[in-house]
1. Pull out all pairs, ordered by first then second residue, where Cβ-Cβ is under 8 Å, the residues are six or more apart or on different chains, the first lies in segment 7-35 and is among the charged types (D, E, K, R), and the second is in a helix (DSSP H, G or I).
2. Of the residues that make up segment 42-50, is at least one of a type in the set (Val, Ile, Thr), assigned to a helix (DSSP H, G or I) and out of contact with any strand residue (DSSP E or B) (no Cβ under 7 Å at 6 or more places or on another chain)?
3. If I filter segment 21-38 down to residues being in a helix (DSSP H, G or I) and touching a Ser or Thr at 6+ places or on another chain (Cβ under 8 Å), which single residue comes out as surrounded by the most Cβ atoms within 10 Å (Cβ to Cβ)?
4. Write out, first by first residue and then by second, each pair whose Cβ atoms fall under 7 Å of each other, whose residues are 6+ apart or on separate chains, and whose first residue, in segment 54-82, is over 14 Å from Lys2 (Cβ atoms) and free of Cβ contacts under 8 Å to residues at least 40 places away in the same chain while the second is in a loop (DSSP other than H, G, I, E, B) and not aliphatic (A, V, I, L, M).
5. If you go through segment 51-69, how many residues are part of a helix (DSSP H, G or I) and either surrounded by 13 or more Cβ atoms within 10 Å (Cβ to Cβ) or not β-branched (Val, Ile, Thr) (or both)?
6. So, in segment 93-118, of the ones that are in contact with a Leu (Cβ under 8 Å, 6 or more places away or on another chain) and in contact (Cβ under 8 Å) with a residue 60 or more places away in the chain, which residue ends up surrounded by the most Cβ atoms within 10 Å (Cβ to Cβ)?
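No value in this document is a laboratory result; all are computed from the given coordinates. Model, not experiment: these values are computed from the prediction. Quick reminder, even Gly has a Cβ in these numbers, built from the backbone with ideal geometry, and neighbours come from all protein chains shown.
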Amino acid sequence: MKLLATYLVGLVFGVGISISGMANPAKVLNFFDIAGAWDPSLIFVMGGALVTTFLGYKLVFGRAAPVFDSAFSLPTARAIDAKLVGGAAVFGIGWGIAGFCPGGSLPALGTGRVEVFLFVAAVVAGLLIARGTTAPFVRRVSA
């Protein structure tokens with residue numbers, strides 16, 4: 001049941017990304033082109049996502065525990081450090097250059113376009129490099 005729920009959530013996300021046009025990098029890049037062919041529709045997509053997330057958090061965290069697990073798995077880090085700021089900068093620069101965010105690029109794989117596969121490969125490579133370079137400095141704590 002947990003696997004089915006995960007699949008359905010991913011399917012809804014992918015369909016939403018596709019319907020909103022966010023699988024089209026030109027639409028995203030036009031949002032950033034304020035002096036040219038500016039397309040403000042991304043504001044409405046993000047606004048809808050924020051409202052949905054706000055309501056979802058209120059609904060989910062009103063429960064004692066998740067439906068398919070014994071406890072919520074939430075990040076505990078609260079510090080705004082160089083790692084967080086650097087990661088956000090790399091994310092933003094990559095999004096502005098390529099027109100894809102990592103999550104939005106996954107549904108776009110269905111288009112079969114080579115640039116989407118290259119972007120996803122670059123994201124995976126970046127994740128592996130980050131994991132490999134930070135792993136020696138991370139202290140694992142078992143719960």
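1. What qualifies is Lys27/Ser41; Lys27/Leu42.
2. Applying the first criterion (of a type in the set (Val, Ile, Thr)) to segment 42-50 yields 43, 45.
Next, from what is left, pick out any that are assigned to a helix (DSSP H, G or I): 43, 45.
Pick out the ones that are also out of contact with any strand residue (DSSP E or B) (no Cβ under 7 Å at 6 or more places or on another chain) and you get 43, 45.
There is at least one residue in segment 42-50 that is of a type in the set (Val, Ile, Thr), assigned to a helix (DSSP H, G or I) and out of contact with any strand residue (DSSP E or B) (no Cβ under 7 Å at 6 or more places or on another chain).
3. We begin by selecting, within segment 21-38, every residue in a helix (DSSP H, G or I); these are 25-32.
Subset that is touching a Ser or Thr at 6+ places or on another chain (Cβ under 8 Å): 27, 31.
Working: Lys27: 16, Phe31: 20.
Per the criteria, the residue is Phe31.
4. Filtered contacts from segment 54-82: Phe72/Pro66.
5. Going through segment 51-69, the residues part of a helix (DSSP H, G or I) turn out to be 51-60.
Those left that are additionally either surrounded by 13 or more Cβ atoms within 10 Å (Cβ to Cβ) or not β-branched (Val, Ile, Thr) (or both): 54-59.
The number of residues fulfilling the criteria is 6.
6. As a first pass, look at segment 93-118 and keep what is in contact with a Leu (Cβ under 8 Å, 6 or more places away or on another chain): 96, 99, 116-117.
With in contact (Cβ under 8 Å) with a residue 60 or more places away in the chain added as a condition, the list becomes 96, 99.
Values: Gly96: 12, Gly99: 23.
Checking each candidate, the answer is Gly99.
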